[in-house]
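Written below as structure tokens is the structure these notes are about.
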Amino acid sequence: MLMLFGLLSVMVWLVVGVFDFQTYMSAQSSLSESMTEIFEMTREVWSPGMFGPYKEDEAGKENGADSKKIDLMYENPCYLVLLSDDGMPLQVYSSGFQQGNVSDAVDEATKVAQTEATGTLCVGNLYADSYSYYYPTRRIILVVETRQIRKEILSALIVSLLIGFAFEFLLYIACRKAADWMISPIEKTFEKQKQFIADASHELKTPVAVILANAEAMEKDPDPKWLSNIEEEAGRMNGLIADLLDLTRSEQKEVTMVPVDLSRLVEKQCLIQEAVMFEKNIELEEHIEPDLKVMGAAGMLEQLIAILLDNACAHSSGKIIVSLVRRGKDVILGVANTGAPIPPEARERIFERFYRADESRNRSSGRYGLGLAIAKSIVERHKGKIEALCKDGLTTFQVTFRQAA
């Protein structure tokens, strides 16, 4: 991004420089051409017959070239200085269109007569000099006061610099926004990774501490209850590690997309979970359309359904409703349960790793807050969408897949 900003900055100032250079060279070229033409065009007007007839350029006249020379005379004071044999000024003819400084123009002509050779045409530095001159013969010098031209090109320079700085500022803002936009996902991923490591360490720390404490107690008192506690905590730790491995596999495993009969998978998992629901006195209601197929991996989709059903069992107050319907080109899987609704501020966070929305998802229940994170990962790998909805006393986890062709 820094290289892009630098490249674009160079391009901006290159454009500004080219514009200023063209403006300066155009003014210099126009003035250089105009001075010789003004001399030819005006000497007959200022002093008829003294320097020969006016050599009118018919082609230039037809093309309107003379109008540019007249414009130059109107905008800038022009002086035709007649010199003596020893180079001293004898007479000055002024254009009279603009108020200029005649004495300074005469001094400039005197200096030119003393230092320059005849035939010299000098535009000079239009940013700094106040006069340009044409010294065609030993007795004549045309002096043009260029203060107005200098003012115009300096104004053009200032305007172009202001525009350049404005573009540079806008370019900086745009590059900064683009950089933030590109880096933001990386920062979020990095923060999630740090949080994941911290949460996993915290979850593993407790069972390890319990195991060590019970082992020390066994050394002093070989009571079987200490061994029972160790086995229980080891089992909990094993479950946590298994969930972490499942989450990692769901995020990294290559998914081979094949047509999968989702209706059959949902019916199968409902049948498997039905015994658990019966023991908890939970009523299961099914609304499953047959032969609904999606593109995906059957094993991962089975794990997704099992996670949603297990989550519903843990939070249901007596009833679970499973639905699978076709809606346009989509297949919608819904697992709803009665019970306390999920707070609005927690409906997005419940898919985060180790997040527990309520007290029923605490450590004593053996739940670590990884199930829904695994479910979301599976759905995203299948290019689907999962969301939590709370309405009419039901909490529904709704998954949307594209129907297989």
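Enumerate the amide H contacts of residue 354 below 5 Å, restricted to partners 5 or more residues apart or on another chain; note that Pro and chain-start residues carry no placed amide H.
370
Hey, can you grab everything whose amide H is under 5 Å from the amide H of residue 288? Only 5+ residues off in sequence or another chain; H modelled, so Pro and N-termini drop out.
Amide H to amide H, under 5 Å and 5 or more residues apart or across chains, residue 288 pairs with 324.
Using a basic spin-label model with each label point 7 Å from the Cα along Cα→Cβ, how many nm lie between residue 221 and residue 347?
Label-label distance for residue 221 and residue 347, simple model: 5.1 nm.
Sorting 180, 107 on the 10 Å Cβ count, fewest up front, what's the list?
Working: 180 11, 107 14.
Arranged by neighbour count, lowest to highest, 180, 107 become 180, 107.
Answer with one residue from 309, 332, 298: the one whose Cα lies farthest towards the positive end of the charge dipole of the range 296-359, charges on Cβ with Lys, Arg +1 and Asp, Glu -1.
Farthest towards the positive pole: 332.
Taking 0.36 nm per residue of sequence separation and subtracting the Cα-Cα distance, how much length would be gained by fully extending the chain between residue 114 and residue 130, in nm to one decimal?
3.9 nm
Past the 32 Å Cα-Cα mark, which pairs from 293/319; 268/391; 177/383; 188/383; 319/385; 188/280? Don't jump to the answer; show the numbers that get you there.
Numbers: 293/319 27 Å; 268/391 27 Å; 177/383 28 Å; 188/383 21 Å; 319/385 24 Å; 188/280 40 Å.
188/280, as the Cα separations exceed 32 Å there.
Between residue 380 and residue 234, what is the spin-label point distance in nm, taking each point 7 Å from the Cα along the Cα→C-beta axis?
Output for this residue pair reads 3.6 nm.
Apply the Karplus curve 6.51 cos²θ - 1.76 cosθ + 1.60, θ = phi - 60°, to the phi angles in the range 29-39 and return the couplings in whole Hz, x for Gly and Pro.
5, 4, 5, 4, 5, 5, 4, 5, 5, 4, 4
With θ taken as phi - 60° and the coefficients 6.51, -1.76 and 1.60, list the Karplus ³J(HN,Hα) couplings across the range 281-286 in order, rounded to whole Hz; mark glycine and proline as x.
3J(HN,Hα) across the range 281-286, in whole Hz: 6, 10, 7, 10, 10, 10.
Where a number appears in this text, it was derived from the coordinates with a stated rule and is not lab data. What you see is a predicted model; the values in this text were computed from it and never measured. Cβ sites come from the backbone with ideal geometry, for glycine too, and all protein chains shown count toward neighbours.
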